[in-house]
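Below is one structure; the comments refer to it alone.
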Amino acid sequence: MKKQTKAALFGLTLALTSALSMTAFAGDSDKVYRTVDEIKESGTINIGVFSDKSPFGYVDENGDYQGYDVYLGNQIGKDLGVDINYVSTEAANRVEYLKTGKVDIILANFTVTPERAEEVDFALPYMNVALGVVSPDDHVITSLDQIGKDDQVIVISGTTAETYLVKNNPEIKLQKYDAYAEAKTAFENGSGVAWANDNTEVIAFANENPGYTVGIPSLGSNDTIAPAVSKGNDSLLNWLNDEIVSLGKDNFFHKDYEETLLDTYGKDYEDTLVIEGGQPAEASTEAEAAAAETEAATEAE
Amino acid sequence: MDFGAIHEYLPLYRDALFLTMRIGWQGILLAFVIGLAATIILHFRIPVLRQLTSFYIELFRNTPLLVQLFFIYFALPKVGLRITPALCGMVGLGLLGGAYMAETFRSGLENVPLIQSESAASLGMSRMQAFRYVVLPQAVSSSIPGLVANVIFLLKETSVFSTVSLMDLMFTAKDLIGMYAKTVECLFLLVVFYLIMLLPVSILGSIVERRMRRAEFGS
């Protein structure tokens, strides 16, 4: 698949006519993923994580990957008995990395949505999330109505916040950035009136940076975050689901929270954020819905 | 290929094309002005300015546009100078292009044999007249291929504008892929739109080149 895509792209630049046929060729779905046995055999698993989204996936001062997602990644590597190769990803690349087989699992704070479930397979969830909007203290935005028609809201390309605003509030002008680091700097520079993102992220930002308030702590529906694998990789998907259920028996995800998120969010958010063993506390049906999302999405097509 | 999706994305790509062209051409115009000014400063060996110009050319020719944009857009606001993304793109492209244009003009000037300005002087022309009527026309004509290459190079450099949140062609494609995951369709449109933008420039460039060369060598 990878080679074919490359060839297709090469063809595109050479001649548009030949490109047409070659892209159709690249569109054919070959098996791009690796099964659990193949991963074990190779001795290394490739996991896509964020490198700039503290405290979920980031690189610490020693150059090591750290965070809530990475903590789970380390456990997965240990339980599979293989080395881990962390691949840094941007929000907009996550689906693509799985579709091209660049990584085996995406553990990059990946919110489960029906659109994404058409492209990748989600395992059981391990965290709750909604959208949030943070703004400077001197002009706190508590409702989207307060955003003027010339004001710009900062979002990161390829996130659920972007999709939500494009779909539900097309009148709001968005200022889009590629990466967390750039969006953060632009927001600090005052380039936009507010920043819309996962509420976990904006709460963390407001806690770490005085002068900012999360005026809208929960926007849109309550979603879950789950590991994702390439479409059709049932062997790895089933293994992950079993892993998440069995880790839940030892309260693994609460431990993960206490190790990685406690400093940022404090005790108060622990039960709101953590999903243990793939079962959200308030509604266990939600977890099943998330896991079955793939099937539902394909049926709906 | 999902032609429905292609149809749906076309207006977005069209907007991106206009934005890319608008900022691209403004930047290129600025690059020409800066390049010409730098060339004149270097050619007439204006003290102090000459050293500053050399420094500018080396600085911008040896750093990537991405870094320059980062600096202009993210670092300057820290010292209180905030500019819009569009202005940042234009200034960044103009400064980068200016350095390249200056080098191209310089090579064109060096191409004009010394005897040309000596002959002009012997006809009683002033230094300025010799430059304006004898040296510059020949220099411009021999630097046309280089200038056209620069223009195409600069238009392609716009693909890093995404870093300052400009919805140029590249960013539009990446953004749509991130939202709807129609990779092949988005990349196909991307290539098509870059060709729409750049093919006419290449063709026009070779026509201009032929015409200017005729002025140099006769038809």
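The values are calculated or read from the model by the stated rules, or taken from the named source; none is laboratory data. What you see is a predicted model, and the numbers here were worked out from it, not measured in a lab. Here the Cβ positions follow ideal geometry from the backbone for every residue, glycine too, while neighbour counts run over all protein chains shown. Please note that ligands, DNA and RNA were not included when accessible areas were found on the heavy atoms of the full protein model with its side chains. Shrake-Rupley method; radii C 1.70, N 1.55, O 1.52, S 1.80 Å.
Could you identify the single residue in A:Lys231, A:Lys167 that is under 17 Å from the mean Cα position of the chain (by Cα) and either outside the structural domain of A:Gly73 (by TED's automatic domain parsing) or open to solvent by 10 Å² or more (accessible area, probe 1.4 Å) (or both)?
Working: A:Lys167 fails: under 17 Å from the mean Cα position of the chain (by Cα).
Within the list A:Lys231, A:Lys167, the selection yields A:Lys231.
Those residues that are open to solvent by 20 Å² or more (accessible area, probe 1.4 Å) and either within 14 Å of chain B (Cβ to nearest Cβ) or over 11 Å from A:Gly48 (Cβ atoms) (or both), I need them from the stretch A:83-102; list them, please. Break it down stepwise before answering.
Start the filter on the stretch A:83-102 by keeping residues that are open to solvent by 20 Å² or more (accessible area, probe 1.4 Å), which leaves A:83-88, A:90, A:93, A:96-97, A:99-102.
Those that are open to solvent by 20 Å² or more (accessible area, probe 1.4 Å) and either within 14 Å of chain B (Cβ to nearest Cβ) or over 11 Å from A:Gly48 (Cβ atoms) (or both): A:Asp83, A:Ile84, A:Glu90, A:Asn93, A:Glu96, A:Tyr97, A:Lys99, A:Thr100, A:Gly101, A:Lys102.
Output the residues belonging to the stretch A:110-146 that are among the small types (Gly, Ala, Ser) and open to solvent by less than 30 Å² (accessible area, probe 1.4 Å).
From the stretch A:110-146, those among the small types (Gly, Ala, Ser) are A:117, A:123, A:130, A:132, A:135, A:143; that's our starting set.
Residues satisfying the conditions are A:Ala117, A:Ala123, A:Ala130, A:Gly132, A:Ser135.
Which numbered condition in (1) closer than 26 Å to B:Arg127 by Cβ; (2) touching a strand residue (DSSP E or B) at 6+ places or on another chain (Cβ under 9 Å) is the only one that B:Pro85 fails?
(1)
Could you pull out every one of the helices (runs of 4 or more DSSP H) wholly within the stretch B:1-108 that has 3 or more residues that are more than 12 Å from the chain's Cα centre (by Cα) and within 25 Å of A:Leu174 (Cβ to Cβ)? Spell out the reasoning first.
Working: elements: B:3-43, B:49-61, B:65-70.
Those helices (runs of 4 or more DSSP H) span B:3-43, B:65-70.
Does A:Ala92 meet the test of being within 20 Å of A:Trp195 (Cβ to Cβ) and in contact with a Lys or Arg (Cβ under 7 Å, 6 or more places away or on another chain)?
On the way: within 20 Å of A:Trp195 (Cβ to Cβ): yes; in contact with a Lys or Arg (Cβ under 7 Å, 6 or more places away or on another chain): yes.
So A:Ala92 passes the test.
Is it the case that A:Asn207 is at pLDDT 95 or above, more than 18 Å from the chain's Cα centre (by Cα) and surrounded by fewer than 19 Cβ atoms within 10 Å (Cβ to Cβ)?
It is false that A:Asn207 is at pLDDT 95 or above, more than 18 Å from the chain's Cα centre (by Cα) and surrounded by fewer than 19 Cβ atoms within 10 Å (Cβ to Cβ).
In the stretch A:103-123, which residues are in contact with an Asp or Glu (Cβ under 7 Å, 6 or more places away or on another chain), more than 20 Å from A:Tyr180 (Cα to Cα) and away from every other protein chain (no Cβ under 13 Å)?
Within the stretch A:103-123, A:Phe122 is the sole residue that qualifies.
Filter the stretch B:167-189 for residues that are touching a residue at least 40 places away in the same chain (Cβ under 8 Å) and facing chain A (nearest Cβ under 9 Å); which is nearest to A:Ala161 (Cα to Cα)?
Checking each candidate, the answer is B:Tyr180.
Given the stretch A:40-100, what strands (runs of 3 or more DSSP E) lie entirely inside it while holding 2 or more residues that are within 15 Å of A:Leu261 (Cβ to Cβ)? Please lay out each step first, then the result.
Details: elements: A:44-49, A:57-59, A:83-88.
Per the criteria, A:57-59.
Suppose we keep only residues that are within 21 Å of B:Val140 (Cβ to Cβ) and in contact with a helix residue (DSSP H, G or I) (Cβ under 9 Å, 6 or more places away or on another chain) within the stretch B:44-60. Which one would you say is modelled with the lowest pLDDT?
Pass one, the stretch B:44-60, residues within 21 Å of B:Val140 (Cβ to Cβ): B:44-46, B:53, B:57.
Narrowing further to those that are in contact with a helix residue (DSSP H, G or I) (Cβ under 9 Å, 6 or more places away or on another chain): B:44, B:46, B:53, B:57.
Working: B:Phe44: 85, B:Ile46: 90, B:Thr53: 96, B:Ile57: 95.
Among them, the one singled out is B:Phe44.
Within the stretch B:111-134, which residues are within 19 Å of B:Ile34 (Cα to Cα) and open to solvent by less than 60 Å² (accessible area, probe 1.4 Å)? Steps first, please.
Of the stretch B:111-134, the ones within 19 Å of B:Ile34 (Cα to Cα) are B:131-132.
Of everything in the stretch B:111-134, just one residue is within 19 Å of B:Ile34 (Cα to Cα) and open to solvent by less than 60 Å² (accessible area, probe 1.4 Å), namely B:Phe131.
Of everything in the stretch B:148-165, what is open to solvent by 10 Å² or more (accessible area, probe 1.4 Å) and not small (Gly, Ala, Ser)? Give them in sequence order. Don't jump to the end; show me each part of the working.
Going through the stretch B:148-165, the residues open to solvent by 10 Å² or more (accessible area, probe 1.4 Å) turn out to be B:148-153, B:156-157, B:159-160, B:165.
Answer for the stretch B:148-165, where residues must be open to solvent by 10 Å² or more (accessible area, probe 1.4 Å) and not small (Gly, Ala, Ser): B:Val148, B:Asn150, B:Val151, B:Ile152, B:Phe153, B:Lys156, B:Glu157, B:Val160.
Could you pull out the residue among B:Val148, B:Val192, B:Val201 that is hydrophobic (A, V, I, L, M, F, W, C), out of contact with any Ser or Thr (no Cβ under 9 Å at 6 or more places or on another chain) and more than 10 Å from chain A (Cβ to nearest Cβ)?
B:Val201
What number goes with the only condition from (1) more than 21 Å from A:Pro114 (Cβ to Cβ); (2) more than 14 Å from chain B (Cβ to nearest Cβ) that A:Asn169 does not pass?
Answer for A:Asn169: the failing condition is (1).
With respect to B:Val148, determine if the residue is under 15 Å from B:Gly24 (Cα atoms) and hydrophobic (A, V, I, L, M, F, W, C).
Taking the combined requirement at face value, the residue satisfies it.
Table: residues versus (1) more than 14 Å from every other protein chain (Cβ to nearest Cβ); (2) open to solvent by less than 30 Å² (accessible area, probe 1.4 Å); (3) in contact with a helix residue (DSSP H, G or I) (Cβ under 8 Å, 6 or more places away or on another chain); (4) not acidic (Asp, Glu).
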position	(1), (2), (3), (4)
B:Glu8	no, no, no, no
B:Val33	yes, no, yes, yes
B:Leu42	yes, no, yes, yes
B:Leu65	yes, yes, yes, yes
B:Ile83	no, no, yes, yes
B:Ala99	yes, yes, yes, yes
